[in-house]
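Enquirer: One structure coming up, written as structure tokens, with questions to follow.
Values quoted throughout were computed directly from the atomic coordinates according to the rules given, and no laboratory measurement underlies them. On a predicted model such as this, the values are computed, not experimentally measured, just so you know. Cβ coordinates were reconstructed from backbone atoms using ideal geometry, including for glycine residues, and neighbour counts include every protein chain displayed.
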Amino acid sequence: MVSARFRRLSSQQPSCCKPCSKRCGAGLASTALVLSIAVPFGGSKWYLLTALSPLAGVYYWQRGTRMEEIQVPTKSFP
């Protein structure tokens with residue numbers, strides 16, 4: 001049995017950044033809620049952490065490349 005091997009460099013598109021930023025924003029908002037209850041001297045300033053969420057999308061877009069290798073088995077028919 002012969003197999004074909006394909007390689008390509010996979011890079012992320014800018015449209016992939018929005019879901020990543022939204023999830024990070026939700027996580028940072030949850031963290032801010034917990035911190036505003038647990039550490040009351042910060043008040044509602046903890047919610048400013050959510051302003052950092054677009055940076056997660058930019059980080060993912062710039063460094064989200066990887067080498068993909070696909071191996072497909074092929075059969076020869078008589």
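Enquirer: Suppose we filter the range 16-72 for residues that are under 30 Å from ALA4 (Cβ atoms) and among the polar types (S, T, N, Q); how many remain?
Expert: Counting residues in the range 16-72 that are under 30 Å from ALA4 (Cβ atoms) and among the polar types (S, T, N, Q) gives 2.
Enquirer: Follow-up question, since we're still on this one. So for the range 38-60 (the condition being under 13 Å from the mean Cα position of the chain (by Cα) and among the charged types (D, E, K, R)), does at least one residue qualify?
Expert: no
Listed here are the residues, each with its yes/no results for (1) assigned to a strand (DSSP E or B); (2) exposed (fewer than 14 other Cβ atoms within 10 Å of the Cβ); (3) among the basic types (Lys, Arg).
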| position | (1), (2), (3) |
| --- | --- |
| CYS20 | no, no, no |
| ALA26 | no, yes, no |
| ALA32 | no, no, no |
| LEU35 | no, no, no |
| ALA51 | no, yes, no |
| LEU55 | no, yes, no |
| VAL58 | no, yes, no |
| MET67 | yes, yes, no |
| PRO73 | yes, yes, no |
